[in-house]
1. Could you list all residues from region 1-11 that are surrounded by fewer than 17 Cβ atoms within 10 Å (Cβ to Cβ) and either free of Cβ contacts under 8 Å to residues at least 12 places away in the same chain or under 16 Å from D60 (Cα atoms) (or both)?
2. Mind listing whichever residues of region 69-88 are at pLDDT below 80 and under 17 Å from L18 (Cβ atoms)?
3. Do any residues in region 420-437 that are assigned by TED's automatic domain parsing to the domain that holds L356 have Cβ atoms under 9 Å from those of residues that are outside any strand (DSSP E or B) and basic (K, R), where the two are at least six apart or on different chains, and which pairs are they?
4. Would you point out which residue out of P382, P366, P345 is touching a Lys or Arg at 6+ places or on another chain (Cβ under 6 Å), in contact (Cβ under 8 Å) with a residue 24 or more places away in the chain and either of a type outside the set (G, A, S) or exposed (fewer than 15 other Cβ atoms within 10 Å of the Cβ) (or both)?
5. Is it the case, given these coordinates, that M65 is in contact with an Asp or Glu (Cβ under 6 Å, 6 or more places away or on another chain), buried (at least 21 other Cβ atoms within 10 Å of the Cβ) and either within 19 Å of G96 (Cα to Cα) or at pLDDT 90 or above (or both)?
6. For A188, indicate whether it is at pLDDT 85 or above and outside the structural domain of T437 (by TED's automatic domain parsing).
7. Spot the failing condition for R74; the list is (1) more than 29 Å from D161 (Cβ to Cβ); (2) surrounded by fewer than 17 Cβ atoms within 10 Å (Cβ to Cβ), and only one is missed.
8. Go through the residues of region 138-155 one by one and say whether even a single one is surrounded by fewer than 16 Cβ atoms within 10 Å (Cβ to Cβ) and at pLDDT 75 or above.
Amino acid sequence: MKRKILVVDDDTAIVEVLEMRLNAMGYDVTATADPQAAIAAADGTRFDLALIDLRMEPTDGIALMEAVHGRQPRLPVLIMTAHGTIETAVDAVQRGAFDYLTKPFLRDELRAKIARALASRRWARDRERLLTVGQTLASSGIMARVLDAVAQGAVETTEADRCVVFQLEHGRLVPMASAGSPPPSWPALEAAAAAAMTKGLPVTFPGSETGAIVAAPLVVQKGPTGALVIETARGIEPNEDDLELLALFSSQAAVAVRTTHELEGLRSGALAALGRMATQVAHELKNPLAGLRLYARHLEQRLGKGGDAEGVGLAQKITSTVDHLAAVVQEITAFGRPPELHRAPASVHALLDECLSFAQAKCETPDIEVFRAYDAACPTAPLDVRELRKAFLNLVLNGLEALAPGGRLTVTTGYSSETRTVTIVIEDTGVGMSEETLGRIFDLFFTTKPQGTGLGMAVARSVVDLHGGELTIHSTLGKGTRVNVRLPLEPPPPPAGGAGA
């Protein structure tokens with residue numbers, strides 16, 4: 001695809017000469033002697049380079065350059081000037097121009113500076129975003145955060161209106177991350193994603209009423225498992241650089257997906273080992289703990305009859321500690337042996353209200369505000385209320401416990417009829433989490449609470465996983481935490497080969 005160059009000079013002879021030369025070099029040229037026409041062109045077309053005359057009437061070249069940069073900030077500009085105004089041209093460079101060209105033009109100088117400006121634009125545009133995504137992948141390994149960074153990077157580097165990362169789950173394409181403005185048509189983006197997955201290569205669909213759509217497959221081990229899709233503004237066609245960038249970003253997204261799959265495999269192995277250990281723990285500890293609790297209660301009663309208040313307090317502390325150990329054993333057992341789901345028609349909103357009421361009763365922080373924003377379109381669905389109650393109660397309690405007096409917890413739901421999924425967002429204005437804590441939030445036995453077992457978040461994710469859903473967390477230290485739970489409202493199909501596969 002040809003690179004697009006904007007040429008502006010109030011000397012029509014120079015405009016004609018440059019247009020002829022640049023066309024001969026293989027560029028797509030928009031040439032004009034009218035600065036207002038140049039601004040209008042910048043509104044409707046994405047250019048790769050602009051050549052602007054320094055001295056024009058009534059708008060000078062610097063003012064025009066700043067107006068064009070207001071529409072296309074990354075556009076490199078070559079200021080054209082006569083030999084006698086080089087000092088002014090240098091000032092233009094200091095104010096944002098890439099370089100300057102002296103009149104009359106030398107063919108080799110013109111060709112070299114255009115090539116250097118185009119190359120510089122590409123690397124300056126791409127380097128920072130690719131580095132950011134790579135650092136996110138290296139530092140966190142959390143798929144949701146990497147995919148968010150990939151989507152944002154794709155929008156910024158290709159200057160697209162929007163980007164969506166789709167992943168194939170249970171035979172359906174599900175949006176996992178997005179950036180930019182909301183898409184006017186989800187089916188069009190899904191169709192492009194499906195086409196890229198089928199072809200195994202990036203595909204482009206030229207736009208008519210809207211912009212062009214470009215999709216690149218996410219290839220993980222055995223084949224495509226999703227696609228990265230961008231949609232440009234109307235009248236803007238992606239070039240070869242955009243396709244290369246999209247392939248790079250899709251490969252980074254694929255690395256994130258593959259890493260997550262590998263971690264899930266490790267986690268499954270850890271669960272199996274934990275299940276075996278839990279059986280022995282239950283056998284070895286349950287009965288002795290029950291006996292200790294009985295002795296502690298008996299001791300408490302005897303000391304109470306003897307009027308020994310201090311001894312009663314110590315006995316109560318023993319009982320409390322034994323209860324905590326018993327709870328740890330129970331959680332390990334529950335986590336090591338995930339239950340089979342018992343689904344029944346249920347309301348997600350009623351379940352959330354129940355968890356909020358119970359959590360608020362336990363929360364001792366004063367002046368806490370709780371807001372609900374439920375999507376009325378969300379239907380009842382076959383869910384295991386007992387298991388989901390564990391997950392949501394833990395998430396809500398975490399949010400409330402993170403709040404200082406006057407803090408706010410917001411619970412919202414959103415239903416997608418296209419994907420038959422409900423998204424539950426639990427967001428607090430609390431202390432937030434550091435990068436280290438966020439990276440270990442699902443680790444077994446990791447906790448920041450004095451009395452925590454370090455299993456609550458792992459149990460919550462396990463329950464959501466059993467329902468075929470996904471739990472992701474975004475947090476900023478000092479600003480709060482947002483938990484996203486995406487639940488399909490239809491049971492996922494059984495694995496190939498049946499229950500015994």
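1. Step one: of region 1-11, the residues surrounded by fewer than 17 Cβ atoms within 10 Å (Cβ to Cβ) are 1-2, 11.
Hit for region 1-11 is D11, nothing else.
2. Restricting attention to region 69-88, the residues satisfying the condition of being at pLDDT below 80 are 74, 82-88.
Matches in region 69-88: A82 only.
3. T429/K479; G430/K479; V431/K479; G432/K479
4. Numbers: P366 fails: touching a Lys or Arg at 6+ places or on another chain (Cβ under 6 Å); P345 fails: touching a Lys or Arg at 6+ places or on another chain (Cβ under 6 Å).
Of P382, P366, P345, the one residue that is touching a Lys or Arg at 6+ places or on another chain (Cβ under 6 Å), in contact (Cβ under 8 Å) with a residue 24 or more places away in the chain and either of a type outside the set (G, A, S) or exposed (fewer than 15 other Cβ atoms within 10 Å of the Cβ) (or both) is P382.
5. On the way: in contact with an Asp or Glu (Cβ under 6 Å, 6 or more places away or on another chain): no; buried (at least 21 other Cβ atoms within 10 Å of the Cβ): yes; either within 19 Å of G96 (Cα to Cα) or at pLDDT 90 or above (or both): yes.
Judged against the criteria, M65 is not a match.
6. Numbers: at pLDDT 85 or above: yes; outside the structural domain of T437 (by TED's automatic domain parsing): yes.
Yes: the conditions hold for A188.
7. (1)
8. The first filter runs over region 138-155 and keeps only residues surrounded by fewer than 16 Cβ atoms within 10 Å (Cβ to Cβ), leaving 138-139.
Add one more test, that the residue is at pLDDT 75 or above, and what stays is none.
The answer is no; no qualifying residue exists.
The values are calculated or read from the model by the stated rules, or taken from the named source; none is laboratory data. Model, not experiment: these values are computed from the prediction. FYI the Cβ positions are ideal-geometry reconstructions off the backbone, even for glycines, and counts take in every protein chain you see.
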